[in-house]
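The values are calculated or read from the model by the stated rules, or taken from the named source; none is laboratory data. All values derive from a computational prediction rather than experimental measurement. Here the Cβ is made from the backbone with ideal geometry for all residues, glycine too, and neighbour counts use every protein chain on show. Surface areas here come from the heavy atoms of the whole protein model, side chains and all, with no ligands, DNA or RNA. Shrake-Rupley method; radii C 1.70, N 1.55, O 1.52, S 1.80 Å.
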Amino acid sequence: VPYGSKSKNNIIRFSRQIIRFLKTKNVKAIVIACNTASALALETVKEEFDIPIIGVIVPGARAAVRETKNGQIGVLGTEATIKSETYTKEIRKLMPEAEVIGKPCPLFVPLVEEGWLHDDITLQVASRYLEELKEKDIDTLIMGCTHYPLIRSTIRKVMGDKVNLVNPAYETAIELKNLLERDNLANKCDVDSPSSMYRFYVSDAEEKFKLFANSILPFDITMTKQINIENY
């Protein structure tokens, strides 16, 4: 990480390795919860693996089309996500007349990972990035990177209350629920506690991940294990 500055070939390679690892854990479905990997690797890996795999871009595009009134849609994302124009393609499948304006915001991810969610510096960076979008007549803005919804309040402060903010992660969770129920894969049993439902595996920086995750998740992470992804 970050994926946003990497080449398409590397992102596909990493995605294949991660999926091969997850399959050793007998998962029943996979969500590519990264906008960049969804944009550049999803179509390739869906063809290569015999397991349901969904990304975050199609649910986000669908929500934006549902929300917009004037067809003017902005997309915030990494350099790779914006350059791929995948959001534009998916939005125009649903609304051919839509105008989609993409804006890469590479500094948002390190600011979020630093924990500066409500900092003056983050507000200044957001104001600089979003200045040209404010000059457009967009009424809907997709927060097209996993980290961006964590600074939703800052983006809202800059863009104002009249712009709909779309969180693709939320829309993807709904799509996953629908997929599991449709394919009779949903788990109906109760669990003892939220933390017992999760296992976290990382390819590097285990302690850094745990600190960051515990700062944003509503429960403590009790199990994180570092694995050598190059073995897969």
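Structure above, values below:
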quantity: Residue among Tyr198, Tyr129 that is touching a Lys or Arg at 6+ places or on another chain (Cβ under 7 Å) and surrounded by fewer than 20 Cβ atoms within 10 Å (Cβ to Cβ); calculated: Tyr129
quantity: Tally of residues being open to solvent by 30 Å² or more (accessible area, probe 1.4 Å) and touching a residue at least 60 places away in the same chain (Cβ under 8 Å) across the range 17-29; calculated: 5
quantity: Some residue of the range 151-165 being touching a Lys or Arg at 6+ places or on another chain (Cβ under 6 Å) and modelled with pLDDT under 95; calculated: no
quantity: Where a residue in the range 77-106 is within 24 Å of Ile151 (Cα to Cα) and open to solvent by 30 Å² or more (accessible area, probe 1.4 Å) and its partner, wherever it lies, is in a helix (DSSP H, G or I) and of a type in the set (A, V, I, L, M, F, W, C), with Cβ under 6 Å and at least six apart; calculated: Gly102/Ile82; Lys103/Leu133; Pro104/Ile82
quantity: Of all residues making up the range 205-228, the number that are at pLDDT below 90 and either closer than 18 Å to Gln17 by Cβ or outside any helix (DSSP H, G or I) (or both); calculated: 11
quantity: Pairs, first farther than 15 Å from Thr36 by Cβ in the range 54-70, second part of a loop (DSSP other than H, G, I, E, B), C-beta under 6 Å, six or more apart; calculated: Val65/Met95; Thr68/Asp139; Lys69/Asp139; Asn70/Asp139
quantity: Verdict on Thr172 being under 26 Å from Arg20 (Cβ atoms), of a type outside the set (A, V, I, L, M, F, W, C), open to solvent by less than 100 Å² (accessible area, probe 1.4 Å) and touching a Cys at 6+ places or on another chain (Cβ under 9 Å); calculated: no
quantity: Residue match in the range 139-159 (condition: outside any helix (DSSP H, G or I) and loosely packed, with under 15 Cβ neighbours inside 10 Å); calculated: no
